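The structure under discussion appears below in the form of structure tokens.
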């Protein structure tokens, strides 16, 4: 999926219901992945970003950019070990190196 490398992950559509973006690995070797900083773990399924489930990669890229550049809050709903978890960050993320 194009754009995921900018987030420091690899992923694919999940087989779960509800469907989302399965995080298959973290690829950011020299810098911290912004999604890892938000609390996402390998194997998590991202179900929504800021309340939206459509165009997940695009939404994630926009949300991370807004958090890094302007400190705009991000809310992710993920599926981890069969449970839905909400991850939120309101503090500005450091920009990618």
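The values are calculated or read from the model by the stated rules, or taken from the named source; none is laboratory data. None of these values were measured; they are calculated from a predicted model. Glycine gets a Cβ as well: all are built from the backbone with ideal geometry, and neighbour counts include every protein chain shown.
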### Task
Starting from residues that are touching a helix residue (DSSP H, G or I) at 6+ places or on another chain (Cβ under 9 Å) and within 19 Å of residue 5 (Cβ to Cβ), keep the ones in region 45-62 and report whichever is modelled with the lowest pLDDT.
57
### Query
If you scan region 75-94, which residues turn out to be at pLDDT below 95 and closer than 17 Å to residue 9 by Cβ?
89, 93
### Query
Which condition number does residue 70 fail, the rest of (1) more than 18 Å from residue 13 (Cβ to Cβ); (2) surrounded by 12 or more Cβ atoms within 10 Å (Cβ to Cβ) being met?
(2)
### Query
If you scan region 43-55, which residues turn out to be within 13 Å of residue 10 (Cα to Cα) and either part of a helix (DSSP H, G or I) or touching a strand residue (DSSP E or B) at 6+ places or on another chain (Cβ under 6 Å) (or both)?
44, 45, 46
### Message
I need a count of the residues in region 74-84 that are within 13 Å of the chain's Cα centre (by Cα) and either crowded, with 16+ Cβ neighbours inside 10 Å or free of Cβ contacts under 8 Å to residues at least 24 places away in the same chain (or both).
### Response
5
